[in-house]
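This report concerns only the one structure given below.
Throughout, read-outs are computed from the coordinates displayed, never taken from laboratory work. The shown structure was predicted, so the numbers you read here are calculated from the model rather than taken from an experiment. Here the Cβ is made from the backbone with ideal geometry for all residues, glycine too, and neighbour counts use every protein chain on show.
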Amino acid sequence: MKTDQIKIKLKTNLMIMEIVFLLIVVGGSTVVYSIFAAPFYNREKARLAEQAFEDIREMDLANLRDQDWEVLESYEEEHFSFIISDDQFEPVYTTVSRDQEGTVRRNIEIQKDLYTREPRAVLRNTRSYGGVQLRGIVDQDGRFYYVCIRETSGSSYSAFFYTEQFLAAVVIVAIVLGSVVMFVLGRRITKPIEEMAAISKRLAEHDFSARMQEETPYAEVNTLARNFNEMADQVQYYIQELEKDNSKLENRNVRLQEEKDQKERMERMRQEFNANISHELKTPLAVISSQMEMLELLSGEKDEKKQYYFSSIREEIDKMSDMVRSLLKISSAEHELEELDRRELDLSEMTLRLLQKYDALFRKKQIRHISHMDQNCFVLADRSCMEKAMGNYILNAVSHTGPGSRIEVSTDLADGQVIFRVYNQGPGIREDKLESIWNSYYQDRPGDYHAGLGLYIVKTVILLHGGAYGVKNREDGVEFWFSLPACRSGKEE
């Protein structure tokens with residue numbers, strides 16, 4: 001909003017507030033006066049008239065005393081007039097001294113049927129007269145007296161009417177004068193507010209040199225200006241600090257990105273190195289192994305020492321060959337798993353085939369195997385990768401199970417997950433090794449549980465399929481497991 005628009009809006013709001021205030025205060029007072037003033041006045045006069053009648057009942061009307069005259073005169077000061085006569089219509093007391101008989105005749109004798117012993121003050125409101133009037137009868141000593149009490153201030157209603165007109169005029173004059181005053185004051189009040197609006201706009205445009213004037217005729221505005229300037233100083237300071245922090249964060253993000261790129265390059269180099277070195281070592285090792293066999297065949301001597309050296313060399317060659325095969329296996333897994341051929345597979349059926357495949361191995365090592373398979377254990381996965389993972393679990397169990405012990409293999413369907421478990425009897429895994437056994441190139445120390453490189457392949461396969469894996473020690477053995485989302489007809493459940 002522009003400064004001129006703010007100025008006009010502020011002045012308009014001040015004018016509207018002033019007019020509303022005057023209408024509520026002065027206009028409201030006028031309305032209240034017009035509605036309630038006359039009824040209140042009449043109610044009070046009626047109460048006084050009835051009180052005067054009760055006081056007259058207490059008087060000896062056959063012989064009025066001085067104090068009785070004083071009481072009546074006190075009511076006359078409240079603009080009441082009295083006409084009292086006996087049952088013969090002879091005047092006992094009248095407020096007017098002239099023509100008392102005529103007054104009694106006009107107000108009592110002619111209208112005697114209107115008088116009662118339990119009178120109530122009534123309101124008379126005619127064009128020529130307005131006020132309260134009471135007509136009553138008082139019984140004393142076997143005689144009765146007529147009492148007429150009237151309010152003599154008949155001009156009060158005219159006063160009410162003129163007062164209402166006067167108040168209406170006061171409202172109009174107050175609104176006009178108030179509007180002029182508020183217009184003048186509004187110009188003085190809106191000036192610092194306009195300045196504040198202009199400065200806040202400059203602050204929004206990052207011009208932090210703008211400040212408000214702190215010396216004005218209004219103490220409140222001065223306080224607001226000081227607070228505003230302090231706020232501007234703090235905002236300027238915080239923005240400068242944020243800009244510094246942003247610069248640091250940007251530099252840190254650049255360094256983190258560079259480190260990430262470097263790690264990715266190193267990982268690619270590692271994989272390429274594994275693949276290349278494995279292929280490079282495979283051929284020489286094969287040549288060396290074949291030549292060693294030829295040397296053994298050509299050697300006619302059965303020297304025990306010579307045979308020891310041949311055996312030692314062959315053993316080392318076998319170790320190197322095993323390591324190269326492992327490197328090739330890992331490199332192949334890391335590359336092949338980038339593009340998985342996902343299909344619907346029944347893990348129960350695959351488990352049974354693997355157990356048949358390794359049955360001869362079980363018999364050779366004298367290991368008992370127990371299996372439990374749930375029905376419909378379908379997953380969406382790559383068959384070759386899953387066979388590697390499941391086979392590694394089974395072979396890992398075989399390598400750590402002694403003769404006469406047992407292995408348990410199961411597939412379970414629970415909560416939308418297919419869980420594959422392999423348990424083997426044997427020593428447990430140290431708690432501090434439960435995480436490291438899943439790392440590639442893991443080497444155990446003497447006495448430690450040996451996991452080999454197969455577990456790293458299992459971890460890689462399961463993570464790429466969006467599953468979970470783990471291991472836990474049981475009372476007399478170790479259980480390895482992994483889980484995958486169950487599916488049916490090619491669709492995940």
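Would you mind getting me the FRET efficiency between ASP60 and GLU118? Use the beta-carbon distance for r and R0 = 25 Å, nearest 0.05.
Details: r = 21 Å, r/R0 = 0.84.
Plugging the Cβ-Cβ distance into 1/(1 + (r/R0)^6) gives 0.75.
Using the Cα centre of region 18-118 as the reference point, and only Cβ charges (+1 on K/R, -1 on D/E), how large is the resulting charge dipole? Debye, rounded to the nearest 20. Before the final figure, lay out the partial values.
Working: 10 positive and 22 negative charges, 115 e Å.
Dipole magnitude for region 18-118 comes out near 560 debye.
I'd like the FRET efficiency for ASP245 and THR163, computed as 1/(1 + (r/R0)^6) with the beta carbon distance as r and R0 of 51 Å, rounded to 0.05.
On the way: r = 73 Å, r/R0 = 1.42.
E between ASP245 and THR163, to the nearest 0.05, is 0.10.
Do you know the relative contact order of region 11-105, to the nearest whole percent, from alpha carbon pairs under 8 angstrom that are 6+ apart?
Details: 39 pairs, mean separation 13.5, N = 95.
For region 11-105, the relative contact order is 14 percent.
Filter the trypsin sites (Lys or Arg not before Pro) in region 72-118 to those in DSSP coil with at most 12 other Cβ atoms within 10 Å of their Cβ, and list the result. Don't jump to the answer; show the numbers that get you there.
Numbers: sites: ARG98, ARG105, ARG106, LYS112, ARG117; in loops: ARG98, ARG117.
Answer in residue order: ARG98, ARG117.
Tally Lys/Arg at +1 and Asp/Glu at -1 over every other residue whose Cβ is under 15 Å from the Cβ of GLU50; what's the total?
It works out to a net charge of +1.
Using 1/(1 + (r/R0)^6) with R0 = 25 angstrom and r between the beta carbons of SER384 and LYS472, what's the FRET efficiency to the nearest 0.05? Mind dumping the intermediate values first?
Working: r = 28 Å, r/R0 = 1.11.
E between SER384 and LYS472, to the nearest 0.05, is 0.35.
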